Amino acid sequence: MVNIAKHMEISAKLFPRQIAILFEGQVITYEDLQASIARFAAGLKGLGVERGDRVAIYLPNIPAFAIAYYAAQAVGAIAVSVNTRCTRDEVRFVLGDSSAKAVVTTGELRAHIADDELPALTHVVVAEGDRGDDLSMNAIMTESPQQWSASDMDRHDPAVILYTSGTTGMPKGATLSQGNVISNVWSFVHNCGIQKSDRILLQLPLFHCFGQNALLNSAVLAGATLVLQRGFRPDTALQAIEDHEVTMLFAVPTMFSTLVDRATPGQFRSVRYFFSAAASLPMELERRWQEKFGRVITQGYGLTETSPFASYNHFQQYRFGSIGTPIENVEMRIVDPQSGRSAPPGEPGEIAIRGPNVMLGYWNRPVDTAKVVRNGWFHSGDIGTMDEDGYFYIVDRLKDMIDVGGMNVYPVEVENALYAHEAVAESAVYGVPDSLMGEQVCAAVVLKPDCNATTDELVRYCAARLADFKVPRVVEMLSELPKNPSGKILKRVLRERAASRKETENSNAFAQAYSGADSSERRQMLRHFLADQVARVLKVPVEQIDPCEPLTDLGLESLMAVDLATRIRGGLGIEFTALSLVGGSTLNQVVDALVSAKASTH
């Protein structure tokens, strides 16, 4: 029988005076941390939380996260991590989808919890800030007994639910078992060589699998010290590294990109180990880091669905640019995304993973689970290659691959070319639809401070290093790239911005053409415009839109009407309400109304 919380109990017994957490002047020993966990576990039990109930943890990086997490595990509940950047609707979705019985949060975040719309939620516990009429975490711990031992659990019992970012739809709750987490944490400690004497900077969000399993759980298993920070701020992180003599720095590529120019070798004199994961590490950044600081950045690879650790680039046999080889008891292979057959060495394909790290499945989503876990193999959606010696290399995300006239363009290759330019600090390459070529390559770039480069210069730079179809047709200069809390660049946001700009350009072109057309041509133009927008909203071919049939009969519902009205306002500059579209009007009747409205604006 197992329980993640037993790792905390063991470390508290073996190293009671060892510092577990350093946080904003607080020094918390393992003995003290375990006492708080035991009291809160008893408090949760007193609130009626039973084995298998979901306890949501909606907290920033504060010590209360560790207390709530291990207390939930101790009583046999399932810890549900909630992203602190979620909107009220997103929080409601996660709490409702998981049927959380209790949520631990802060007074500030409490406003995002719509408990009156969540029938399963019976307790809101506030760990920091104004609690209002809610329960106080400190009061619960004060009033509860200190003696509580972690429940015996089966290795297949669900332990945590970590919601994916939902970049392709609604978030899905990746459900990890006790065995998933425990086997993964043991492997992470072993491979990275985490020791009791280590001090680990933890600035990655604890609600993310990287921060939660790879750092919090691993540090607790090893009896190491966590230097906990609420988030990543370069200057604060560097100061903490020096002040607390941090020995291990775990980060994502965007964090290393920020630090490589800002930090001095002296500021890292205490750091013996650097580790990157959660996104591809640009090879140019890897080179620059090694040249400046004399240490490699070892890479790991994995996903939330794999707990997350799946492979590791061992520093004993480090290979530049590789994500390494599978960890203990885990298998990886490269497969053809269509046929599922294994690809030969050097040939790109989808990375598939099998082992004790693969999730139980997506919470209450058997169909979605079956799409990604087939015959025990988890299909990652990442494109990679494997060399003759079994070392794996990330090429790109399958969904991020760009199809230019039938030729595959992997954004990472273009990003590496941009990173090689001396003025480029960060780059993100993505595809946008193109009527002629299918897609075109676009790039968003952030320049280094006090450095200059023009978009034309960067295009020419890429053209000298890449095949012509890979060269970005559009380069956008930004002050910063959109990122999620773990630092991963959100290419979805960049694609949406590009689509919005394209619509604006099309609208301007439409307005110019409309003003130069005669009355009969104008009516035809509006009919084509409206038919196209209706087809997009209904997600059907435009040929299915009958201009004489009421829009409601075509399937236009109220929310769709709001979307359509917004498109009309944006595309034509005409104030048009959704009510005008759902009263039995046909497309031709709406065109008549638009003609009149257009005429009145001139």
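Determine whether region 173-187 contains at least one residue that is among the aromatic types (Phe, Trp, Tyr), over 21 Å from the mean Cα position of the chain (by Cα) and farther than 28 Å from GLU24 by Cα.
There is at least one residue in region 173-187 that is among the aromatic types (Phe, Trp, Tyr), over 21 Å from the mean Cα position of the chain (by Cα) and farther than 28 Å from GLU24 by Cα.
Would you be able to tell me the number of residues in region 97-127 that are farther than 15 Å from ILE57 by Cβ and in contact with a helix residue (DSSP H, G or I) (Cβ under 7 Å, 6 or more places away or on another chain)?
Total meeting the criteria: 3.
Would you pick out the residues in region 365-380 that are surrounded by fewer than 19 Cβ atoms within 10 Å (Cβ to Cβ) and in contact with a helix residue (DSSP H, G or I) (Cβ under 8 Å, 6 or more places away or on another chain)?
Passing the criteria: only HIS379.
For region 26-49, does any single residue satisfy the condition of being assigned to a loop (DSSP other than H, G, I, E, B) and more than 17 Å from MET137 (Cβ to Cβ)?
No, there is no match, as no residue in region 26-49 is assigned to a loop (DSSP other than H, G, I, E, B) and more than 17 Å from MET137 (Cβ to Cβ).
Of the residues GLN316, GLN338, which single one is assigned to a loop (DSSP other than H, G, I, E, B), over 24 Å from THR175 (Cβ atoms) and free of Cβ contacts under 8 Å to residues at least 12 places away in the same chain?
Every option except GLN338 fails the conditions.
From the list PHE250, PHE232, exactly one residue is out of contact with any Asp or Glu (no Cβ under 6 Å at 6 or more places or on another chain), within 21 Å of GLU286 (Cα to Cα) and part of a strand (DSSP E or B). Which is it?
On inspection, the qualifying residue turns out to be PHE250.
When region 1-16 is examined, which residues are found to be without any contact (Cβ under 8 Å) to a residue 40 or more places away in the chain and in contact with a Phe, Trp or Tyr (Cβ under 8 Å, 6 or more places away or on another chain)?
ALA12, PRO16
Step by step: first the residues of region 97-117, then only those that are part of a loop (DSSP other than H, G, I, E, B) and of a type in the set (D, E, K, R), then the one that is nearest to THR84 (Cα to Cα). Which residue is that?
For region 97-117, the residue satisfying everything is GLU108.
Out of LEU162, LEU204, LEU221, LEU216, which single residue is touching a strand residue (DSSP E or B) at 6+ places or on another chain (Cβ under 6 Å) and either crowded, with 24+ Cβ neighbours inside 10 Å or not in a loop (DSSP other than H, G, I, E, B) (or both)?
After ruling out the rest, the residue left standing is LEU162.
Out of ARG233, ARG269, ARG262, which single residue is within 25 Å of PRO308 (Cα to Cα), surrounded by fewer than 21 Cβ atoms within 10 Å (Cβ to Cβ) and among the charged types (D, E, K, R)?
Answer to the check: ARG233.
Conditions tested, residue by residue: (1) small (Gly, Ala, Ser); (2) surrounded by 14 or more Cβ atoms within 10 Å (Cβ to Cβ); (3) at pLDDT 75 or above.
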{"residue": "HIS528", "(1), (2), (3)": "no, no, yes"}
{"residue": "GLN533", "(1), (2), (3)": "no, yes, yes"}
{"residue": "LEU551", "(1), (2), (3)": "no, yes, yes"}
{"residue": "GLY571", "(1), (2), (3)": "yes, yes, no"}
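Go through region 459-470 and give me each residue that's over 15 Å from PRO411 (Cα atoms) and surrounded by 16 or more Cβ atoms within 10 Å (Cβ to Cβ).
TYR461
Do you know which residues across region 324-364 are out of contact with any Pro (no Cβ under 6 Å at 6 or more places or on another chain), surrounded by fewer than 16 Cβ atoms within 10 Å (Cβ to Cβ) and over 18 Å from TYR391 (Cβ atoms)?
Passing the criteria: ASP336, PRO337, GLN338, SER339, GLY340, ARG341, ASN364.
Are any of the residues in region 401-415 farther than 16 Å from PHE469 by Cβ and touching a helix residue (DSSP H, G or I) at 6+ places or on another chain (Cβ under 6 Å)?
no
Condition first: polar (S, T, N, Q) and without any contact (Cβ under 8 Å) to a residue 24 or more places away in the chain. Now tell me which residues in region 530-545 satisfy that.
Correct list: GLN544 only.
When region 70-126 is examined, which residues are found to be among the charged types (D, E, K, R) and more than 18 Å from TYR163 (Cα to Cα)?
Passing the criteria: GLU108, ARG110, ASP115, ASP116, GLU117.
Residues in region 342-394 that are aliphatic (A, V, I, L, M) and assigned to a strand (DSSP E or B): how many?
Residues flagged as aliphatic (A, V, I, L, M) and assigned to a strand (DSSP E or B) within region 342-394 amount to 7.
With region 395-470 as the region, which strands (runs of 3 or more DSSP E) entirely inside it contain at least 2 residues that are charged (D, E, K, R) and at pLDDT 90 or above?
Correct list: empty, since no element meets the threshold.
Kindly evaluate LEU33 against the criterion of being closer than 21 Å to HIS244 by Cα and among the hydrophobic types (A, V, I, L, M, F, W, C).
So LEU33 fits the description; yes.
The values are calculated or read from the model by the stated rules, or taken from the named source; none is laboratory data. What you see is a predicted model; the values in this text were computed from it and never measured. Positions of Cβ are generated from backbone atoms using ideal geometry, with glycine treated the same way; all protein chains shown enter the neighbour counts.
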